Amino acid sequence: VPEQVLAGKKVTITAGPTREALDPVRYLSNHSSGKMGFAIAAAAARAGAEVTLIAGPVRLDTPAGVTRVDVVSTDDMLAAAEQAADDSDLFIAAAAVVDFRPAIVAEQKIKKEDGNDSDVLSLVKNPDIVATIAARKNKRPFVVGFAAETEKVIEHAKGKLARKNLDMIVANDVSDPAGGFNSDRNQVVIIDNAGETALPAALKTELAAELIKRIAERAFAGTHP
Ligand code: PMT
């Protein structure tokens, strides 16, 4: 019987990639499968939470007892996150959000015959979803981010923890082919203002349960459902 460490808590989780249209047939995205975020949603539900899972385009079944909101673009994920966070005690951002989107979405398919030889795409920065939630003065949940890094993993993750005003960050070395994007396994370091905890490599499903336990301890220690 799993410990009900999140009994009575409302939790919002983002998962998977976002996708930004270039034209009616093309998009910008990344290799996130959603496995990490979905595993966290399943673990949170098993721990007694009322879970809203905001999912980018992924091919995964909805975990038992979880309310799923499907989105495609970053703007749509932000809108869904803002709405769900109003009523949440805990917000966990496992999504791999596309940082830049095309400045203009072409109404018709972009043609290589139209003199488009180079510099075809002009990009603009997307909003930062987890930083937007963490910047709230009111209705601010406990906010946990991820950091997908390919070098200086801890240093870069600490930078994001501070810059985005997060309560905790899960540093993820995505240069390791045994973990990160699309793998069934992962290895992470949890960082907050109290220090760093490296967790052993494990299946994302197992790691998710461990993360939920540790996040609940930090977020709700001393509170009673
Ligand atoms: O989905 P899987 O295939 O299982 O892979 C899991 C994972 C590698 C995607 C996951 O473990 C992970 O690391 N997720 C974060 C991916 C990421 O884009 O990290 P980042 O370092 O670029 O972003 C830092 C944090 O800000 C993340 O919490 C991210 O969700 C959030 N963010 C980033 C940009 C943006 N515009 N809005 C955001 O909310």
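Cβ neighbours within 10 Å, averaged per peptide: list 14-21, 210-217 in order, most packed at the top.
Values: 14-21: 24.8, 210-217: 20.4.
Put in order of decreasing packing, that is 14-21, 210-217.
Find which of L123, P200, G56 sits farthest along the positive direction of the dipole of the chain, computed with +1 on the beta-carbon of Lys and Arg, -1 on that of Asp and Glu, about the Cα centre.
Positive-most Cα among the choices belongs to P200.
When the chain is treated as a GNM, springs tying every alpha-carbon pair under 10 Å, which of V130, V143, V105 comes out with the largest mean-square fluctuation?
Checking each option, the largest mean-square fluctuation is seen for V105.
With both partners inside the chain, how many of the DSSP beta bridges are antiparallel, as a percent to the nearest 5?
Numbers: 16 of 42 bridges.
In the chain, approximately 40 percent of DSSP beta bridges are antiparallel ones.
For region 16-98, I need the span (max minus min coordinate) of the C-alpha atoms along each principal axis, in Å, sorted largest to smallest.
42, 25, 15
Project the alpha carbons of region 68-137 onto their principal axes and report the range along each, largest first, in whole Å.
Rounded to whole Å, the extents work out to 53, 23, 18 Å.
Would you work out the Kirkwood radius for the chain? I mean one over the mean of 1/r across all pairs of different Cα atoms, in Å.
Details: mean 1/r = 0.0554 Å⁻¹.
Roughly 18.1 Å, rounded to one decimal.
Read the figures in this text as sums done on the coordinates, not as results from a lab. The structure displayed is predicted, hence computed values, not measured ones. All Cβ positions, glycine included, derive from the backbone under ideal geometry; neighbour counts span all protein chains shown.
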